[in-house]
Amino acid sequence: IREWAGNNLQVRETYSCMSTNQLTALAKSDLFTIGGHTSTHPALAYHAKQKQRDEITSNKQFLECIAGKAIDLFAYPSGNYNVDTVDVLKELGFKGSFTTHSGSNYNREDAYRLKRLQVTNRDGSSFSRLISQ
């Protein structure tokens with residue numbers, strides 16, 4: 001498709017994944033928490049429980065090796081998960097996981113279906129209004 005569209009094959013420098021060195025530095029910061037995802041970003045609900053376990057486990061082990069500490073939070077790839085996914089997360093010792101649903105977790109009904117607060121490019125007053133909701 002790139003060739004047909006006449007698009008060059010160069011990857012933009014600003015569109016790169018984090019390096020191992022960057023992840024290591026991030027893990028040392030008290031301001032951030034590194035959470036698990038998967039190794040190849042599959043839509044988890046469309047895969048057998050064992051495939052889900054393999055994806056989540058390999059990513060968890062990779063990140064724990066780099067971070068030097070336990071990875072116990074997770075974000076569902078594209079918000080896609082099912083009951084098996086939640087079971088795997090619990091079995092692997094994750095304390096909670098994030099969906100792609102927007103909203104507050106004030107009541108924290110389910111630690112494995114946490115909502116997100118989407119932070120976009122905003123000024124300080126707009127961000128303040130967002131988080132006060």
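The values are calculated or read from the model by the stated rules, or taken from the named source; none is laboratory data. Treat the numbers as computed from the prediction; the structure is a model and nothing was measured. As a convention, Cβ positions derive from the backbone with ideal geometry for all residues, glycine included, and neighbour counts pool all protein chains shown. Areas reflect the complete protein model, heavy atoms only, side chains present, ligands, DNA and RNA absent. Shrake-Rupley method; radii C 1.70, N 1.55, O 1.52, S 1.80 Å.
A few notes on this one:
- Calculated accessible area for the chain comes out at 72 Å² per residue, all protein chains present (probe 1.4 Å; ligands, DNA, RNA ignored).
- Loop exposure criterion: chymotrypsin sites (Phe, Trp or Tyr not before Pro), DSSP state outside H, G, I, E and B, at most 15 other Cβ atoms within 10 Å. Applied to the chain, the longest stretch between such sites is 33-105.
- For the chain, lysine pairs separated by 8 or more sequence positions, or belonging to different chains, with Cα-Cα distances below 14 Å total 5.
- The Cα-based radius of gyration and maximum Cα-Cα distance (Dmax) for the range 74-122 are 11.5, 39 Å.
- Computed 3J(HN,Hα) for the range 53-69, one whole-Hz value per residue from the Karplus formula 6.51 cos²θ - 1.76 cosθ + 1.60 where θ = phi - 60°, is 4, 4, 4, 6, 4, 5, 5, 4, 5, 4, 5, 5, 5, 6, 6, x, 7, glycine and proline marked x.
- For the range 25-64, alpha-carbon Rg over 2.2 N^0.38 Å: 1.37
- For the chain, built as a Gaussian network whose Cα springs stay under 10 Å, the top-fluctuating residue of R12, R108, R116: R12
- Net charge of Cβ neighbours under 13 Å - reference G93; Lys, Arg +1; Asp, Glu -1: +1
- Inter-site label distance for F32 and K49 at 7 Å from Cα along Cβ, in nm: 3.5
- Nonlocal amide H pairs with Y76, under 5 Å, H built at 1.01 Å: F98
- Square roots of five times the Cα gyration tensor eigenvalues for the range 5-133, Å: 24, 23, 18
- Neighbourhood net charge (13 Å Cβ-Cβ; Lys/Arg +1, Asp/Glu -1) for Q50: -2
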